[in-house]
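This report refers to the structure that appears directly beneath it.
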C-alpha cells in the first residue's frame, strides 16, 4: 500500500474487501485518487463516491451491473450516489398496521 499526496495505491494486493484503515482515510477526505485494480473485490462501498478518481479495473465486481462496472469512474460514481440516495429513503419509511380493534397492533415485541 502506498499513500502519497492523496493518492493511494492498493493495486494487486489480493483484496477481497476494502481495509477499514483505508475507509477511514476516505471518510476524512485524505484519499483523493485510489487504485484498487487487479484485486478480488466483488463490491465497492458507496462511501467511495466521495473520492475524485478510483480505478477498479480487473476486479470481479458482482454487485455492480456489467455495463456500469466497465465504464469510467464518473459513471460508477453516479451509480454509487444513486444507491446511497435509495438507502437514505429506506430510513424514512413508515409502517401502518391495519386490522380489527383491540387486538394489540399498537404494542410491538420486536427485538
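The values are calculated or read from the model by the stated rules, or taken from the named source; none is laboratory data. Small disclaimer: the values here were computed from a predicted structure and weren't measured. Backbone-built Cβ (ideal geometry, glycine too); neighbour counts: all protein chains shown.
Scan 41, 80, 57 and give me the residue that is at pLDDT 95 or above and surrounded by 12 or more Cβ atoms within 10 Å (Cβ to Cβ). Write out each step before concluding.
Working: 80 fails: at pLDDT 95 or above; 57 fails: at pLDDT 95 or above.
Result of the check over 41, 80, 57: 41.
Pick out the one residue from 89, 94 that is in a helix (DSSP H, G or I), at pLDDT below 90 and more than 13 Å from the chain's Cα centre (by Cα). Don't jump to the end; show me each part of the working.
On the way: 94 fails: in a helix (DSSP H, G or I).
None of the other options fit; the residue is 89.
For every residue, the table says whether it meets (1) touching a helix residue (DSSP H, G or I) at 6+ places or on another chain (Cβ under 8 Å); (2) at pLDDT below 95; (3) surrounded by 14 or more Cβ atoms within 10 Å (Cβ to Cβ).
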site: 35; (1), (2), (3): no, no, yes
site: 62; (1), (2), (3): no, yes, no
site: 71; (1), (2), (3): no, yes, yes
site: 74; (1), (2), (3): no, yes, no
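Can you confirm whether residue 15 is surrounded by 12 or more Cβ atoms within 10 Å (Cβ to Cβ), without any contact (Cβ under 8 Å) to a residue 40 or more places away in the chain and in contact with a strand residue (DSSP E or B) (Cβ under 8 Å, 6 or more places away or on another chain)?
Values: surrounded by 12 or more Cβ atoms within 10 Å (Cβ to Cβ): yes; without any contact (Cβ under 8 Å) to a residue 40 or more places away in the chain: yes; in contact with a strand residue (DSSP E or B) (Cβ under 8 Å, 6 or more places away or on another chain): no.
No; evaluated as a whole, the condition is false for this residue.
Restricting to the range 44-54, name every residue that is in contact with a strand residue (DSSP E or B) (Cβ under 9 Å, 6 or more places away or on another chain) and either part of a helix (DSSP H, G or I) or surrounded by 16 or more Cβ atoms within 10 Å (Cβ to Cβ) (or both).
Going residue by residue through the range 44-54, those that are in contact with a strand residue (DSSP E or B) (Cβ under 9 Å, 6 or more places away or on another chain) are 44, 48, 51-54.
Answer for the range 44-54, where residues must be in contact with a strand residue (DSSP E or B) (Cβ under 9 Å, 6 or more places away or on another chain) and either part of a helix (DSSP H, G or I) or surrounded by 16 or more Cβ atoms within 10 Å (Cβ to Cβ) (or both): 44, 48, 51, 54.
Based on this model, can you work out whether residue 31 counts as assigned to a loop (DSSP other than H, G, I, E, B) and touching a helix residue (DSSP H, G or I) at 6+ places or on another chain (Cβ under 6 Å)?
On the way: assigned to a loop (DSSP other than H, G, I, E, B): yes; touching a helix residue (DSSP H, G or I) at 6+ places or on another chain (Cβ under 6 Å): yes.
It is true that residue 31 is assigned to a loop (DSSP other than H, G, I, E, B) and touching a helix residue (DSSP H, G or I) at 6+ places or on another chain (Cβ under 6 Å).
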